[in-house]
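FYI, it's all coordinate maths here, none of it is from the lab. A quick note: this is a predicted structure, and the numbers were derived from the prediction, not measured. Here the Cβ positions follow ideal geometry from the backbone for every residue, glycine too, while neighbour counts run over all protein chains shown.
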């Protein structure tokens, strides 16, 4: 009777370790070495659903980041430097592969300058619109003057009785 439960336990234990081995073999994070993360931080994830880099894309099997991590891993295993990996990927996929545009050349400098310039132009347009459309206050009507005169005595009395009277404003 004892042989049957032991066999069951051995089979269960073997199935457990086989499942663990299959999970480890499918692990997409095995490519996330320090080298891959360092290079992947310079490259943009181009899946279209996030604005992250290849290194920090949160999707497990991202159509863009996962294959790119594998490519970077293979290139680093082949002994390529970070610059060589990035330049090869940019040469193959274009400048859009970079997470941040280079700050060289006319196009790169415009990319860095335009957000601040757009804010300044927008502020100028908004302030000129406000100045142009500012209206003078309308004079008080006779009804408004009568209401103010009616309650002026009460307003003056409350101001004199206030605890902050005489305090600097």
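Of note:
- The length gained by stretching the chain between residue 106 and residue 156 to full extension, at 0.36 nm per residue less their Cα-Cα distance, is 11.4 nm.
- Remark: the residue 12-residue 81 segment gains 20.2 nm on full extension, using 0.36 nm per residue and subtracting the alpha carbon distance.
- In this label model, residue 141 and residue 74 are separated by 8.0 nm, measuring between points 7 Å along each Cα→Cβ vector.
- Computed from the C-beta positions of residue 96 and residue 127, the FRET efficiency with R₀ = 45 Å rounds to 0.80.
- Potential extension, residue 88-residue 56 segment - 0.36 nm per residue separation minus Cα distance: 9.5 nm
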